[in-house]
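**Q** Got a structure for you, written out below as structure tokens; questions coming shortly.
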Amino acid sequence: MNQLYRIAKKEHIPDYENLTKTNLIELILEKQNMNTKIESNTTDKKETSKSKTKQTSQEKSKKKKSPQKEDKQTDVIETISKENTKPLTMEEKDEPKTEKKKRKRLKINPVTIIDVNENASISIEAEKVLNTFEKPTEKQKEEPIVESEEMTFQSTDNKEINNNQPNSQTPPVYHIPKNIEFFGNIVGEGVLDLSNEGFGFLRSSDYNYLNSPDDIYVSQSQIKLFGLKTGDIVQGMIRPPKDGEKYFPLLKVDLINGKSPEAVRDRIPFDYLTPLFPDEKINLTGHPSSSISTRIIDLFAPIGKGQRGLIVAQPKTGKTVLLKEIANAIAYNHPEIYLIILLIDERPEEVTDMERSVKAEVISSTFDEPAERHVKIANIVLEKAKRMVECGHDVCILLDSITRLARAFNTIAPASGKVLSGGVEANALQKPKRFFGAARKIENGGSLTIISTALTETGSKMDEVIFEEFKGTGNMELQLDRKLSNKRIFPAIDIVSSSTRRDDLLQDKDILQRVWVLRNHLSDMNTVEAMEFLKSRIALTRSNEEFLITMNS
């Protein structure tokens, strides 16, 4: 205001101290316009009296004076701009038109203009000066600017003052670019499932290796280049799908079954590997949650790496609980073994309980699923285990149960005309035998252990036929007795009938001799007496070695 008062003194405006700011600005601008008109009239009179030669010199002097007059107006605008911080709402006022003069560029610093009353107005010349400021074009408004390769959002906390538009309360505008790009490498992993056309997909265990939106596409050229097979665990870099694509494509292969692609390319196929008897024992005792069940199995039916075990059980004898205890023991004592629990035609609550109580990969297909799904899941789990064994890994599959898996294969098997007793197709049991027979100890590295349950005395003739087909294929057998479970004696193990082939490769000689003596002692008792005697003696000791030492006493 002090600067406005100084200008008002120069222009000889009366009572300027009592005027408002807007009225004072209007009077200053009108006074300056009147002065310009008076000076122009005086110059016209002088031009008529002087010669033409002098007219040219006077016109040059006029041109020099005009910027000074315009500078006076810019001084007024600058004084207004220094005190104002809000944008101005303007309405043009009807004023007499002045003669158009050549426009000259004025070097004015960017200013912010204060908001005046809504009905206030300024002169046309001041409005022209205001219009010289740069305004954002329509393209700049539509296309957001993305800085540092990241999306930037205009938040309500950081409010910016726009000098060209009135300051109105508008909702926050979020500028989202149309083409969102993912920066950095995206790594994907899955189990390869080849199709008949030559390409494949990496399936996820979260969806039980079935079709899902998280599948990763693998091209035919990559499969041929690295020699990939069904069941390979492939890890590599992927990219988001483009327009028209449905899946994430695989760009680069980093690891295959935990090894480099160069090392895997020259691997020997699983069918050509040399199988051996298991000679490395799997310890089922010593962990915090060890029970009497695992200690009895560790004594009378030891399990080794590469074992093909069969748990023969009637319904409601505790076979699922026994599998869970075996899984917990393997996961605790042998973290180098990759543990897979395959539940086929099982109850949904059993699946949930197994997932929450065991630290292992649980793959399931419940009884309300079709037989085609049972077969597909079992095949891809078997292929995954084979590929891992080819690369030298130790794998253990706990299957519940082989009987229901054979039923599923029998359901989808085409009719051949040859039907066995119980309605079993003659060729239906070939694939379940291939699954169970894949368990083996590989010479010079790798092993596949399969412990499966088989149902007996279910009242179905088909189950009896299936059990008879698998009866002599395993090299370890654990019998469960219904008499013990009816009396609520667990574990319901028939000790005399349970055994392991070539257990001399798994047990020490001293321990083996003591176990034989204990077997002879228990063979004179029935199953109930033998189990009660064994449970009472084992409960008094902390380990099996301590129990065998106390036998002589």
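The values are calculated or read from the model by the stated rules, or taken from the named source; none is laboratory data. Bear in mind that the values here come from a model prediction, so they are computed numbers and not experimental data. A quick note on method: Cβ atoms are made from the backbone with ideal geometry, for glycine too, and the neighbour counts reach across all protein chains shown.
**Q** Scanning region 259-281 for residues that are assigned to a loop (DSSP other than H, G, I, E, B) and touching a helix residue (DSSP H, G or I) at 6+ places or on another chain (Cβ under 8 Å), which turns out surrounded by the fewest Cβ atoms within 10 Å (Cβ to Cβ)? Steps first, answer last, please.
**A** First, the residues of region 259-281 that are assigned to a loop (DSSP other than H, G, I, E, B): 260, 266-269, 273-274, 277-280.
Filter once more, keeping what is touching a helix residue (DSSP H, G or I) at 6+ places or on another chain (Cβ under 8 Å): 267-269, 273, 277-279.
Working: Arg267: 17, Ile268: 11, Pro269: 9, Leu273: 20, Phe277: 15, Pro278: 27, Asp279: 13.
Per the criteria, the residue is Pro269.
**Q** Within region 347-363, can one find any residue that is touching a residue at least 24 places away in the same chain (Cβ under 8 Å), of a type in the set (Lys, Arg) and not assigned by the TED database to the domain that holds Lys259?
**A** yes
**Q** Run down Ile380, Ile330 and say which single residue is closer than 22 Å to Ile442 by Cβ, touching a Gly at 6+ places or on another chain (Cβ under 8 Å) and part of a helix (DSSP H, G or I). Step through it out loud before you land on a result.
**A** On the way: Ile330 fails: touching a Gly at 6+ places or on another chain (Cβ under 8 Å).
Criteria check complete, one pass: Ile380.
**Q** Ok, one more. Return the residues of region 527-553 that are closer than 21 Å to Lys509 by Cα, in contact (Cβ under 8 Å) with a residue 40 or more places away in the chain and part of a loop (DSSP other than H, G, I, E, B); say none if nothing qualifies.
**A** Ser543
**Q** Just a yes or no: is a residue in region 214-235 hydroxyl-bearing (Ser, Thr, Tyr), outside the structural domain of Gly392 (by the TED database) and within 17 Å of the chain's Cα centre (by Cα)?
**A** yes
**Q** In addition: Hey, can you tell me all the residues within region 431-456 that are in contact with a strand residue (DSSP E or B) (Cβ under 9 Å, 6 or more places away or on another chain) and within 24 Å of Thr411 (Cα to Cα)?
**A** Result: Phe435, Phe436, Gly437, Ala438, Ile450, Ile451, Ser452, Thr453, Ala454, Leu455, Thr456.
**Q** Lys316: in the same structural domain as Leu399 (by the TED database), on the phi > 0 side of the Ramachandran plot, basic (Lys, Arg) and in contact (Cβ under 8 Å) with a residue 24 or more places away in the chain, yes or no? Explain how you work it out, then say what you get.
**A** On the way: in the same structural domain as Leu399 (by the TED database): yes; on the phi > 0 side of the Ramachandran plot: yes; basic (Lys, Arg): yes; in contact (Cβ under 8 Å) with a residue 24 or more places away in the chain: yes.
So Lys316 fits the description; yes.
**Q** Moving on. Could you check Lys281 against (1) assigned by the TED database to the domain that holds Phe467; (2) within 23 Å of Val381 (Cβ to Cβ); (3) of a type in the set (Lys, Arg) and say which number it fails?
**A** For Lys281, the exception is condition (2).
**Q** Could you please tell me which pairs satisfy a Cβ distance under 6 Å, a separation of 6+ or placement on different chains, a first residue in region 238-263 that is touching a residue at least 60 places away in the same chain (Cβ under 8 Å), and a second residue that is polar (S, T, N, Q)?
**A** Taking only residues 6 or more apart or on different chains, the pairs are Asp254/Gln235.
**Q** Shifting gears a bit: Taking the conditions exactly as written (closer than 22 Å to Leu342 by Cα and surrounded by fewer than 21 Cβ atoms within 10 Å (Cβ to Cβ)), does Ala454 satisfy them or not? Outline the logic, then answer.
**A** Details: closer than 22 Å to Leu342 by Cα: yes; surrounded by fewer than 21 Cβ atoms within 10 Å (Cβ to Cβ): no.
Against the criterion (closer than 22 Å to Leu342 by Cα and surrounded by fewer than 21 Cβ atoms within 10 Å (Cβ to Cβ)), Ala454 does not qualify.
**Q** Please work out which one of (1) without any contact (Cβ under 8 Å) to a residue 40 or more places away in the chain; (2) under 23 Å from Pro315 (Cβ atoms); (3) among the aromatic types (Phe, Trp, Tyr) is the condition Trp516 fails and give its number.
**A** Among (1) without any contact (Cβ under 8 Å) to a residue 40 or more places away in the chain; (2) under 23 Å from Pro315 (Cβ atoms); (3) among the aromatic types (Phe, Trp, Tyr), Trp516 violates only (2).
**Q** Need the failing condition index for Gly459 against (1) under 30 Å from Tyr272 (Cβ atoms); (2) out of contact with any Asp or Glu (no Cβ under 9 Å at 6 or more places or on another chain); (3) modelled with pLDDT under 90, just the number.
**A** Among (1) under 30 Å from Tyr272 (Cβ atoms); (2) out of contact with any Asp or Glu (no Cβ under 9 Å at 6 or more places or on another chain); (3) modelled with pLDDT under 90, the lone unmet condition for Gly459 is (1).
**Q** Give the residue, chosen from Ile238, Ile216, Ile223, Ile303, that is hydrophobic (A, V, I, L, M, F, W, C), in contact with a Leu (Cβ under 9 Å, 6 or more places away or on another chain) and under 30 Å from Lys324 (Cα atoms).
**A** Values: Ile238 fails: under 30 Å from Lys324 (Cα atoms); Ile216 fails: under 30 Å from Lys324 (Cα atoms); Ile223 fails: under 30 Å from Lys324 (Cα atoms).
Going through Ile238, Ile216, Ile223, Ile303 in turn, just one is hydrophobic (A, V, I, L, M, F, W, C), in contact with a Leu (Cβ under 9 Å, 6 or more places away or on another chain) and under 30 Å from Lys324 (Cα atoms): Ile303.
**Q** Still on this structure, I have one more. Between Leu323, Leu343, Leu284, which is under 34 Å from the mean Cα position of the chain (by Cα), crowded, with 21+ Cβ neighbours inside 10 Å and outside any strand (DSSP E or B)? I'd like the intermediate steps shown before the answer.
**A** Details: Leu343 fails: outside any strand (DSSP E or B); Leu284 fails: under 34 Å from the mean Cα position of the chain (by Cα).
Answer to the check: Leu323.
**Q** Name the residue that is surrounded by the fewest Cβ atoms within 10 Å (Cβ to Cβ), counting only residues in region 238-255 that are on the phi < 0 side of the Ramachandran plot and either at pLDDT below 90 or not in a strand (DSSP E or B) (or both). Working first, answer last.
**A** Quick first cut of region 238-255, residues on the phi < 0 side of the Ramachandran plot only: 238-243, 245-255.
The next check asks that each one be either at pLDDT below 90 or not in a strand (DSSP E or B) (or both); those that pass are 239-243, 245-247.
Details: Arg239: 16, Pro240: 11, Pro241: 12, Lys242: 7, Asp243: 4, Glu245: 11, Lys246: 8, Tyr247: 16.
It comes out as Asp243.
The rows are residues; the columns are (1) surrounded by 14 or more Cβ atoms within 10 Å (Cβ to Cβ); (2) over 16 Å from Arg295 (Cα atoms).
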position	(1), (2)
Phe467	yes, yes
Asp481	yes, yes
Leu484	yes, yes
Ile489	yes, no
Val496	yes, no
Arg501	yes, yes
Gln507	yes, no
Asp510	no, yes
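**Q** Let me ask something else about it. Can you confirm whether Glu325 is within 24 Å of Ser290 (Cβ to Cβ) and touching a helix residue (DSSP H, G or I) at 6+ places or on another chain (Cβ under 6 Å)? Don't jump to the end; show me each part of the working.
**A** On the way: within 24 Å of Ser290 (Cβ to Cβ): yes; touching a helix residue (DSSP H, G or I) at 6+ places or on another chain (Cβ under 6 Å): yes.
Yes.
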